[in-house]
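Just below is one structure, and these are the notes that go with it.
Every number in this text was worked out from the coordinates using simple rules, so none of it is lab data. What you are looking at is a predicted structure, and each value in this text was computed from that prediction instead of being measured. We place every Cβ from the backbone using ideal geometry, glycine too, and count neighbours over all the protein chains shown.
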Ligand code: NDP
């Protein structure tokens, strides 16, 4: 039997890409998955697939920029399963553009989803994990958390922030049985680049994404972190395509 069997895992941004693939993988190994995103119909379709394969899944519509909605998904997990073993703060957006294009709404959206969304996951999940005396916060950053590239200044800034928040959280919860993992993918197959409205950035990403990893490469890294013995904290994983 898999170590993941019976673990309760909340996954944000589970309607596509890495989140969706992670939900499929964890559910196939016996985890109770609680999946959130804004596109309910996509979540329902995913849940049907998971259930058809014998997996356990609960769907909850979720906008991570709204703290109350994040608290609601934690409450759903608690009322259904009585515990939260892990939250995967995966939801993210990446509308790349040069700063001088002044796409201020897009900057704000990245800040709201990529930074505030992760903070909301922590704000909603941490009290429950402290009460339980166990839990695991897994935050999705990016290779953009380690180096800045043109058109990606704001996106990278949000991912640097996710890395800083994750490092800070790990230090602060030391001794409370809570694990904190940062997962930083390189280019990976997903819908992430579809939100790019800047023509040049879009063309560049099209070319760059030719070497993209399948989302399962990242899902396996997330599963690896969760399935370690509870005294093992996988701090950080960077997963890139071979070039
Ligand atoms: P996708 O675009 O395929 O998935 C992003 C997910 O985030 C979707 O399910 C989307 O669902 C959800 N989302 C967006 N906004 C919100 C919101 N306000 N509230 C709740 N959910 C939201 O991209 P990926 O799977 O690639 O992205 C997953 C994570 O991986 C992101 O944090 C991304 O930054 C990171 N990453 C990805 C890389 C890649 O190359 N793919 C590389 C490095 C990092 P919905 O629209 O239904 O709400």
Here's a check for you: in the stretch 24-42, which residue that is at negative phi and assigned to a loop (DSSP other than H, G, I, E, B) is surrounded by the most Cβ atoms within 10 Å (Cβ to Cβ)? 31
Only one of 183, 162, 173 is crowded, with 18+ Cβ neighbours inside 10 Å, away from the ligand (no atom under 14 Å from the Cβ) and closer than 22 Å to residue 235 by Cβ. Can you tell me which? 173
Flag for residue 201 being over 21 Å from the mean Cα position of the chain (by Cα) and either more than 19 Å from residue 139 (Cβ to Cβ) or within 13 Å of the ligand (Cβ to nearest atom) (or both): yes
Considering the stretch 187-213, residues that are surrounded by fewer than 16 Cβ atoms within 10 Å (Cβ to Cβ) and in contact (Cβ under 8 Å) with a residue 40 or more places away in the chain, and then whichever is farthest from residue 99 (Cα to Cα), we arrive at 191
Per the filter on the stretch 71-92, residues surrounded by fewer than 19 Cβ atoms within 10 Å (Cβ to Cβ), within 25 Å of residue 114 (Cβ to Cβ) and touching a residue at least 24 places away in the same chain (Cβ under 8 Å) are 71, 76
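Give the residue, chosen from 109, 170, that is over 22 Å from residue 18 (Cα atoms) and outside any loop (DSSP other than H, G, I, E, B).
170
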Every pair of residues 6+ apart whose Cβ atoms lie under 6 Å, when the first sits in the stretch 57-70 and is within 9 Å of residue 117 (Cα to Cα) while the second is in a helix (DSSP H, G or I) and away from the ligand (no atom under 12 Å from the Cβ): 70/124
For the list (1) within 12 Å of the ligand (Cβ to nearest atom); (2) assigned to a helix (DSSP H, G or I), I need the number of the one condition that residue 190 fails. (2)
I'm told residue 103 meets every condition in (1) touching a residue at least 60 places away in the same chain (Cβ under 8 Å); (2) within 15 Å of the ligand (Cβ to nearest atom) except one. Can you identify the failing condition by its number? (2)
Positions within the stretch 43-66 being surrounded by 16 or more Cβ atoms within 10 Å (Cβ to Cβ) and assigned to a helix (DSSP H, G or I), in sequence order: 43, 46, 47, 50
Residues being crowded, with 17+ Cβ neighbours inside 10 Å and over 19 Å from residue 194 (Cα atoms): count how many of those fall in the stretch 95-142. 18
